[in-house]
1. From the residues in the stretch 403-420 that are out of contact with any helix residue (DSSP H, G or I) (no Cβ under 7 Å at 6 or more places or on another chain) and crowded, with 20+ Cβ neighbours inside 10 Å, which one is nearest to Phe672 (Cα to Cα)?
2. For Asn764, state whether it is part of a loop (DSSP other than H, G, I, E, B) and either without any contact (Cβ under 8 Å) to a residue 12 or more places away in the chain or within 21 Å of Phe607 (Cα to Cα) (or both).
3. Looking at this structure, is Val533 outside any loop (DSSP other than H, G, I, E, B) and within 17 Å of Leu454 (Cβ to Cβ)?
4. What are the residues in the stretch 370-390 that are among the basic types (Lys, Arg) and surrounded by fewer than 21 Cβ atoms within 10 Å (Cβ to Cβ), if any?
5. Return the pairs, sorted by first residue and then second, in which the second residue is in a loop (DSSP other than H, G, I, E, B) and among the polar types (S, T, N, Q), the first residue lies in the stretch 558-585 and is under 17 Å from Gly529 (Cα atoms), the beta carbons are less than 6 Å apart, and the residues are 6+ apart or on different chains.
6. So the check is Cβ under 8 Å with 6+ separation or different chains; which pairs have a first residue in the stretch 462-475 that's assigned to a loop (DSSP other than H, G, I, E, B) and a second one that's acidic (Asp, Glu)?
7. List the strands (runs of 3 or more DSSP E) inside the stretch 565-669, counting only whole elements, that have at least 3 residues being of a type outside the set (A, V, I, L, M, F, W, C) and buried (at least 20 other Cβ atoms within 10 Å of the Cβ).
8. Which of the residues belonging to the stretch 150-174 are assigned to a helix (DSSP H, G or I) and modelled with pLDDT of 80 or more?
Amino acid sequence: MVYRVHQEAPLLYEAREIDHILDEFPIIGPHQLKHWEWIANYYMCPLGDVYRSAVPATLILESETILTLSENTDAELPALTDEEYLIYEALQRQPRLQMREIIQILNKKSVFGVIRQLLAKKIVEVSEQLNENYKPKLVRYAQLSARYNEGAGLQELLEQLKNADKQKALVLAYFQLANRGDLVTVKELLQQAEAGLAAFKALCDKAIFEEYYLREGRVRFTKQTTELPVLSDIQQAALDNIRQQFNNKEICLLFGVTSSGKTEIYIRLIAEAIAKGQQVLYLLPEIALTTQLVGRLVKYFGDKVTVFHSRYSNNERTEAWENVLQNKSNARIIIGARSALFLPFANLGLIVVDEEHEATFKQHDPAPRYHARDAATVLGKLWNAKILLGSATPSVETFYNVSQEKYGLVKLTERFRNILMPEIVVVDLKKKYERKQMAGHFSDTLSDAIRKTLVDKGQIILFQNRRGYAKMVECETCGHVPQCSHCDVSLTYHLTRNLLRCHYCGYAIAKPVRCHACGSAALNTKGFGTEQVQEELTMLFPQARVGRMDQDTTRGKSAFETLLYDFRRGDIDILVGTQMLAKGLDFENVRLVGIMNADNILFQPDFRAFERGYQLMAQVAGRSGRAGAQGTVIIQTFQPSHPVITQVAQNDYDGMYLDQIHEREQYRYPPFYRIIRLTLRHREFDKTRDSAVWLHSMLAQTLPMPVLGPEEPLISRIRNEYLRSIMIKIPGNLSLEGTKKTIRRTLDSFHAIPQFRSVKVTVNVDPY
């Protein structure tokens, strides 16, 4: 990629001549490059990391080292070692060797030393070969030779084939298919004629048929569309208000309660942008949500829709990339997760960030560690595009920007078609356990509600934000808990495979029969996850059809879509899941939502725990009663009087926001302070500790702001690497860019110290 053109000759190396130009037109536009530069600068990562994250792998050309025998090799070879002779012998048998082949021949990973010796002895030569991985999808078509299209020619042809039944059937099938006015593929021709490929090839050999190939997209949608949805008076008023807000501000927040019809408003705004010839970017927090949304948008916009996310194959992503770059008609609306931000837009006019509060918009590993919502606002400004943020539970930072009049605000306070908000019932688990009104992890209140809903033919969603069967397995004799050998965490028990698994590195062992420490057989599980909830449901309600939605059941490319389809069709009565259930899914027949244990959500070591707890519970509750009768939500908790529980029950977002914004200001957290977290990693405990102490000391001396740490994270070892973290809190009145420059200089000094060079330092800007 050509990043910058200049007239300054390099001093440290000799510049090479350009061999040839690979692309006639740039695959990266100027707006795109500016956006990447902003991401690299703001999130403190190399531009190369942004490039590798953004561009599909098939568009990144990689060279391969090729080894050949030198033309000037003397008849008498110099003395060769055993390894050198093995390579020389292999090159005599085949003219070219790739690096992976040399590694296999020598059975060792590091082969460069041997190659250098062969080069010095002038035995071999090295060259580089560029590999282009993208392969367009080519579809084979059939066409009848022109001489047989007329009546006389056709008669002659049928006479010629009178004794070849299969070939004659192919010709007749061709005319049947060609009458539609469309091109005829070889595949459908063979299916129509019920003939084999040999018969078709025989006709090609006789010059009766001609075959040709056309490039075709791997992902295509129907061209048929319907009229745009009719808006209610409240929705129309909100749409008019958004248009008015866009006259004064580039960014607007659509704050609408769950099931208020925000998507229909998005569709209207998308239609207006399309009518202007503009492109639209529709960002979603989860790949899984694209399936439901694509179906709705294709209904109104047909083949103008393109999907882009990491679950697509590299070839599919490359095609989407090219379609967006060329501003094709089938790339007017781009739906995708956060990676869709990197696409080479040609005329971006509108960005919709749905469920903007979701934490999954933040990329954590690998770099760039960007937040898609914030990066989208910058991208929109580069294109002078309008940005619409949508949520029923906006993030505190977004609502603060509204209060500061940086963003516009439009509210939808009622559900579509005046459907009532769900009734929320809070169950005190402490009292239920005392009164022995529990069956497993189900209170009698929740059990009765499930039973009634099943009788009424309604569907149920149960939320437990922990996958697996149990949090840990504990010995009742000595208290030993099996730990991961690579991470400082206990192993989670998964019943389906009878395994203890680490959710950080994937390490797994079979569930032990006896305690590893004392040999006792008295092993018991502690805590519960989605698997255990599912098991208890099958025991309590054997007639019910129970499904489970978590990371374990949705690993496949289409597993999530299949599960949603079964639930929507009514093949599943009760769906148990993790936070996947809370992200904008729309099911008309859900009458009951149960939150198994709200305390697991609230009590986390994170300054955003209460905010995210409110958002998660309110979003899950919003899946209930979205059509027809009023729904019910049952929240099980040991602390029914907790402020956040009360705020969820009363749908009091304003109360939650005021509480949180007060605490954030008091304890120096965003949006009043910006946070940069440095994480140090190394396999040696002492080196991690000493390097963290040195780095913290230097930063504390040079920065006029709180530098906290070095601290052991909650999980202090992951994948055999010890961790230490340093947190820098930057007040709003100090320069963020100046602080970053100081951090970069300090890190340069840090890496210049020999004993610290092996320590990896990760910089995470806005780590939340």
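1. If we take residues in the stretch 403-420 being out of contact with any helix residue (DSSP H, G or I) (no Cβ under 7 Å at 6 or more places or on another chain) and crowded, with 20+ Cβ neighbours inside 10 Å, then Arg415 is nearest to Phe672 (Cα to Cα).
2. When the stated conditions are applied, Asn764 does not pass them.
3. Considered against the rule, which asks whether it is outside any loop (DSSP other than H, G, I, E, B) and within 17 Å of Leu454 (Cβ to Cβ), Val533 comes out as yes.
4. Hit for the stretch 370-390 is Lys381, nothing else.
5. Thr578/Asn465; Gln579/Asn465
6. Correct list of pairs: Arg467/Glu531; Arg467/Asp550; Arg467/Asp552; Gly468/Glu531; Gly468/Asp552; Tyr469/Glu531; Tyr469/Glu535.
7. In the stretch 565-669, the matching strands (runs of 3 or more DSSP E) lie at 632-637.
8. Asp165, Lys166, Gln167, Lys168, Ala169, Leu170, Val171, Leu172, Ala173, Tyr174
The values are calculated or read from the model by the stated rules, or taken from the named source; none is laboratory data. This structure is a prediction, so every number in the text was calculated from the model and none was measured. Virtual Cβ from ideal backbone geometry, glycine too; neighbours counted across all protein chains shown.
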